[in-house]
Amino acid sequence: MWAADLPPFIPFFAAALIMALTRSHALRAAIGIAVPVLGGLHLWFDVDPGLTTYRTLFEFQLMPFRTDQLSLLFGYLFHIAAFIGMLYALHIRDRVQQIAAMLYAGSALGAVFAGDLLTLFLFWEGLALTSVFLVWARRSKTSFATGQRYLIFQVLSGVLLLAGALLIYRDSGSLEFTKIGLDGPGSWLILLAFGIKAGFPGLHTWLTDAYPESTPTGTVFLASFTTKVSVYALARGFPGTEMLIYVGATMACFPIFFAVIENDLRRVLAYSMINQIGFMVCGIGIGTELALNGAVAHAFNDVIFKGLLFMSMGSVLHMTGKINGSDLGHLYKTMPKTTWLCIVGAASISAFPLFSGFVSKSMVMAALLETHHEIVWLAMLFAAAGVFHHAGIKIPYFAFFAHDSGIRTQDPPWNMVLAMTISAVLCIFIGSYPAVLYSLLPYDTGYSPYDATHVLTQTQLLFFSAAAFVWLQLRGLYPPELRSINLDVEWFYRKLIPSTIHSVGRVIGKPAVFAWRYVVSGLLDKIGDTLSRHHGMEGTLARTWPIGSMVLWVAILLVAYLLLGYL
Amino acid sequence: MIDKADTQQPPSAAGNGEKLYLFDKPKNVQRLLRGFYLCCTLLVLAEFVIHRHVVHSWEGLFGFYAIYGFVACVVLVLAATQMRKLIMRNEDYYDTDSSAADSTANDDGGNGNVGR
């Protein structure tokens with residue numbers, strides 16, 4: 001199609017440029033669909049693992065395009081995600097969103113094929129600067145403020161990555177992006193940079209803040225790239241870092257509590273995303289071949305099933321203008337296709353047998369037991385039951401069933417339904433024929449998810465999680481959906497710090513006003529008076545001098561000069 | 001579906017002759033629940049037939065996964081309900097005076113995209 005060593009981001013950036021120049025909506029839509037398809041086919045048929053291209057910038061040798069099993073897997077994934085996203089957004093005429101989405105997908109591809117840390121940094125910042133337009137695309141005051149907070153986190157992550165890369169270059173003399181491991185301040189800075197974009201606990205609020213604020217179509221792109229690039233970067237840079245096991249377990253567990261009581265269903269999915277990334281981070285921390293395979297396979301599946309769930313909720317928002325659980329219900333009556341497609345996504349994220357989550361999550365769970373992390377395994381089992389509870393049941397139940405909201409609408413436009421259908425087919429295909437996905441994974445472990453024990457135990461876990469939901473509902477113990485928000489870590493920078501600054505302002509305000517009025521202002525007045533006394537219109541230096549006194553002073557000066565001459 | 005409100009006639013379907021959908025009939029909800037209970041029972045009974053291979057000793061307990069799934073979710077929901085007392089706030093909690101008017105625009109933000 002084109003030269004094999006042409007980095008995959010270039011067609012996306014070129015497409016964005018053409019989109020910026022053309023006024024034709026049809027052409028923009030056609031380019032948006034064609035580029036991911038052609039790029040994906042090119043990557044599949046023409047590009048092999050082991051390819052590296054070099055460029056020299058000043059004295060640095062950069063590798064803008066390096067392929068291996070790991071980067072190619074994410075490369076295929078991002079082409080699929082870009083295609084599905086562009087199809088879902090086909091009806092959108094907003095040029096800013098289209099261009100931002102193309103540049104964003106291109107940046108994600110640039111980042112996963114970057115062979116050195118400097119190139120990675122450039123695309124890392126590219127991800128930030130392009131994706132923020134998808135948050136701002138809602139064009140409300142709220143989304144503008146959210147976008148600003150989002151950008152601060154993203155750019156901070158980039159700055160940390162650059163600082164870490166420079167420290168590593170100073171120590172090792174190389175910028176190549178290989179296994180970094182935890183030694184030295186540079187590696188810690190890079191881990192922190194990756195951690196921000198992966199949504200580590202305490203650094204995750206940009207995700208739950210921004211993703212629900214974007215447009216129905218924008219969120220689908222946002223959910224596909226940033227966090228998965230970070231999972232890729234962690235898998236390459238920090239495999240087997242034990243700390244990540246515990247970080248991942250925390251990520252898997254804490255968001256499910258928030259998800260249960262969250263009203264905005266897209267925010268429920270954002271919390272659920274952190275939960276799923278927790279499984280991936282945990283797998284990377286374990287670091288065995290099975291665990292790493294599980295982590296990246298789960299990232300692959302997550303982009304598709306989480307994308308499907310975000311698309312189904314985006315369809316609800318698009319058609320009804322509402323997304324809070326408290327405002328929705330009984331949409332199955334008029335959105336039957338969306339309901340079924342959402343249920344497929346829900347079954348996939350919950351890891352039901354024959355659906356995609358089942359064949360990837362189980363690898364991480366099996367690896368935990370193999371490496372004797374029993375307590376973490378129990379925590380992850382809790383998280384696995386919890387994800388079914390909030391993403392598998394809550395999302396479809398409150399949107400499509402539950403109480404009758406009285407809303408009567410219809411399924412979304414054909415392109416949105418088609419995009420969701422493709423995702424749903426992929427979820428079932430990967431879940432039913434996992435060998436295709438397994439053949440793309442970095443290691444050959446011979447793992448098979450389908451044995452009687454695994455199918456039985458997983459089905460028991462899920463059915464009895466559902467039984468708990470039914471029981472709690474029938475007993476009236478299930479928390480109702482309420483029009484509310486829940487405080488999270490963002491409270492510190494959205495409430496505590498601003499209100500502290502206001503309070504400090506109030507406390508020191510009065511003395512400051514007093515000091516200003518009576519001390520500083522008084523002092524300034526005095527200085528002004530003195531200046532005007534000397535330099536003002538009536539000031540000493542502005543007076544007209546009589547000629548007599550001039551002559552007198554000249555005479556005095558001459559006398560003084562004469563005397564000095566004699567001395 | 002199993003909400004108390006759903007066992008009554010839904011408001012919009014009540015008197016205006018709207019078509020009755022699948023779960024508008026309480027009988028269908030009951031059927032679904034009965035089928036679900038049956039599945040749960042069969043899954044537990046299957047342990048007598050299928051010999052599970054066990055890696056960890058806890059796994060060996062009869063019905064371990066079923067009990068764990070049920071208890072985990074009940075604990076999760078009850079704990080999360082308690083969390084509400086601590087962290088739940090009004091929707092306009094973060095809005096300062098200047099941006100308070102915008103919070104309503106945000107609620108139906110999806111309309112911003114409709115027809116664009």
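State which residue is farthest from A:Ile274 (Cα to Cα) when the search covers only the range A:186-220 and only residues that are touching a Leu at 6+ places or on another chain (Cβ under 6 Å) and open to solvent by 10 Å² or more (accessible area, probe 1.4 Å).
Restricting to residues being touching a Leu at 6+ places or on another chain (Cβ under 6 Å) and open to solvent by 10 Å² or more (accessible area, probe 1.4 Å), the top hit is A:Leu189.
Tell me, please, whether a residue that is polar (S, T, N, Q), closer than 19 Å to A:Leu203 by Cβ and modelled with pLDDT under 95 can be found in the range A:110-119.
Checked against the condition, which is being polar (S, T, N, Q), closer than 19 Å to A:Leu203 by Cβ and modelled with pLDDT under 95, the range A:110-119 yields no hits at all.
Go over the candidates A:Leu109, A:Leu122, A:Leu118, A:Leu72 one by one and state the one that is over 17 Å from A:Ala34 (Cβ atoms) and open to solvent by less than 10 Å² (accessible area, probe 1.4 Å).
A:Leu72
Which condition does A:Ala347 not pass, out of (1) touching a Cys at 6+ places or on another chain (Cβ under 6 Å); (2) open to solvent by 10 Å² or more (accessible area, probe 1.4 Å), if it passes all the others?
Unmet condition: (1).
Would you check if there is a residue in the range A:302-323 being open to solvent by less than 10 Å² (accessible area, probe 1.4 Å) and over 18 Å from A:Tyr211 (Cα atoms)?
No, the range A:302-323 contains no residue that is open to solvent by less than 10 Å² (accessible area, probe 1.4 Å) and over 18 Å from A:Tyr211 (Cα atoms).
Could you check the range A:250-260 and list, in sequence order, the residues that are within 14 Å of another protein chain (Cβ to nearest Cβ) and surrounded by 23 or more Cβ atoms within 10 Å (Cβ to Cβ)?
A:Ala252, A:Pro255, A:Ile256, A:Phe258, A:Ala259, A:Val260
Given the criteria over 19 Å from the mean Cα position of the chain (by Cα) and either more than 7 Å from every other protein chain (Cβ to nearest Cβ) or at pLDDT 90 or above (or both), does B:Asp108 qualify?
For B:Asp108, the condition - over 19 Å from the mean Cα position of the chain (by Cα) and either more than 7 Å from every other protein chain (Cβ to nearest Cβ) or at pLDDT 90 or above (or both) - is not met.
Could you go through the range A:148-165 and let me know if any residue there is without any contact (Cβ under 8 Å) to a residue 12 or more places away in the chain and either crowded, with 24+ Cβ neighbours inside 10 Å or touching a Ser or Thr at 6+ places or on another chain (Cβ under 8 Å) (or both).
Looking for residues that are without any contact (Cβ under 8 Å) to a residue 12 or more places away in the chain and either crowded, with 24+ Cβ neighbours inside 10 Å or touching a Ser or Thr at 6+ places or on another chain (Cβ under 8 Å) (or both), one finds none in the range A:148-165, hence no.
Consider the range A:434-444. How many of its residues are open to solvent by less than 60 Å² (accessible area, probe 1.4 Å) and part of a loop (DSSP other than H, G, I, E, B)?
Adding up the residues that qualify gives 3.
Considering only the range B:51-82, state which residues are at the interface with another protein chain (Cβ under 7 Å from one of its Cβ atoms) and of a type in the set (Ser, Thr, Tyr).
B:Tyr65, B:Tyr68, B:Thr81 - these are the residues of the range B:51-82 that are at the interface with another protein chain (Cβ under 7 Å from one of its Cβ atoms) and of a type in the set (Ser, Thr, Tyr).
If you check every pair at least six apart or on different chains, which have Cβ atoms under 6 Å apart with a residue in the range A:82-98 that is under 17 Å from A:Ser312 (Cβ atoms) first and a residue that is aromatic (Phe, Trp, Tyr) second?
A:Gly85/A:Phe221
Across the range A:398-409, what is the number of residues that are more than 7 Å from chain B (Cβ to nearest Cβ) and open to solvent by 10 Å² or more (accessible area, probe 1.4 Å)?
5
The values are calculated or read from the model by the stated rules, or taken from the named source; none is laboratory data. Because the structure is a prediction, the values reported are computed rather than measured. Every residue, glycine among them, receives a Cβ derived from its backbone with ideal geometry; neighbour counts consider all protein chains shown. Keep in mind that these areas ignore ligands, DNA and RNA; they rest on the heavy atoms of the full protein, side chains included. Shrake-Rupley method; radii C 1.70, N 1.55, O 1.52, S 1.80 Å.
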